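Here's the structure we're looking at; comments come further down.
The values are calculated or read from the model by the stated rules, or taken from the named source; none is laboratory data. Note that the structure is a prediction, hence the values are computed from the model and not measured. Neighbour counts are summed over all protein chains in view; Cβ atoms, including those assigned to glycine, are modelled from backbone coordinates with ideal geometry.
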Amino acid sequence: MGGLAALVVIAGAALVVNLLPSNTPTLLAGTDGQAQGQPVDGISCDTSEQVVYHIHAHLAVYTNGRPRIIPEGIGIIPPTQIVQTSAGPFVSAGKCFYWLHSHTADGIIHVESPSQRVYTLGNYFDIWNQPLSTTQLGPTHGQVTAFVDGQPFTGDPRSIPLNAHTLIQLDVGSASPGPQPFTFPAGL
């Protein structure tokens with residue numbers, strides 16, 4: 001009887017997984033292995049956010065056509081304070097903030113620096129401690145196709161500049177959905 005019950009549970013779990021919409025986003029990678037306060041690429045982690053240079057870019061990732069979640073809290077070092085909002089968790093505080101960080105899991109990259117300079121997507125991935133190349137995106141391997149502001153980007157994705165309201169999309173594998181729209185929330 002125990003074997004039959006286990007089979008029913010496994011079959012039920014498989015049914016639930018198969019009922020999930022094919023576009024249900026999954027986490028690309030967590031933040032557990034990210035930098036822990038040491039300078040990264042000349043970028044410091046300060047106890048308060050810097051606002052001399054304050055812009056936002058957006059990162060969207062797709063694997064074989066399926067959306068992936070970029071986690072909240074990249075570049076914000078624990079212990080963190082998380083506020084639950086109608087849009088989901090918002091990391092409001094931490095031990096320190098890198099000049100490149102994310103408060104939410106919506107793909108918005110906050111660039112908050114003590115001086116104006118050009119930061120790159122590679123800098124962001126270095127703080128996150130995730131690989132990024134033309135053949136690897138975080139833990140996912142395959143050809144990486146990049147779009148910047150809706151146009152194909154043919155260089156190294158690490159070199160993509162994080163400018164004000166830059167829309168970056170990285171697709172890995174087959175079935176690229178092509179450039180997807182994104183609208184920044186009011187005030188960003």
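A few notes on this one:
- Scanning the range 43-53 for residues that are more than 14 Å from Phe125 (Cα to Cα) and either in a loop (DSSP other than H, G, I, E, B) or not charged (D, E, K, R) (or both) turns up Ser44, Cys45, Thr47, Ser48, Glu49, Gln50, Val51, Val52, Tyr53.
- Residues (farther than 19 Å from Leu167 by Cβ and hydroxyl-bearing (Ser, Thr, Tyr)) located in the range 18-77: Ser22, Thr24, Thr26, Thr31, Ser44, Thr47, Ser48, Tyr53
- Counting only residues that are assigned to a loop (DSSP other than H, G, I, E, B), farther than 14 Å from Pro71 by Cα and among the polar types (S, T, N, Q), the range 103-160 holds 7 of them.
- Residue in the range 131-150 that is modelled with pLDDT of 95 or more, closer than 24 Å to Gln38 by Cβ and in contact with a helix residue (DSSP H, G or I) (Cβ under 6 Å, 6 or more places away or on another chain) present: yes
- Against the list (1) surrounded by 17 or more Cβ atoms within 10 Å (Cβ to Cβ); (2) free of Cβ contacts under 8 Å to residues at least 40 places away in the same chain; (3) of a type outside the set (Phe, Trp, Tyr); (4) closer than 26 Å to Gly150 by Cα, the condition Ile55 fails is (2).
- Evaluation of Val16 against (1) loosely packed, with under 10 Cβ neighbours inside 10 Å; (2) among the β-branched types (Val, Ile, Thr); (3) at pLDDT 95 or above (one fails), failing number: (3)
- Cβ pairs under 8 Å, 6+ apart, first in the range 162-187 and at positive phi and modelled with pLDDT of 95 or more, second assigned to a loop (DSSP other than H, G, I, E, B) and of a type in the set (S, T, N, Q): none
- Among the residues making up the range 54-64, none is over 16 Å from Pro139 (Cα atoms) and in a loop (DSSP other than H, G, I, E, B).
- Qualifying residue in the range 72-80 (condition: within 17 Å of Gln180 (Cβ to Cβ), modelled with pLDDT of 95 or more, surrounded by 14 or more Cβ atoms within 10 Å (Cβ to Cβ) and not charged (D, E, K, R)): no
- Scanning the range 110-139 for residues that are surrounded by 20 or more Cβ atoms within 10 Å (Cβ to Cβ), closer than 15 Å to Ala29 by Cβ and out of contact with any Pro (no Cβ under 9 Å at 6 or more places or on another chain) yields Tyr124, Asp126, Ile127.
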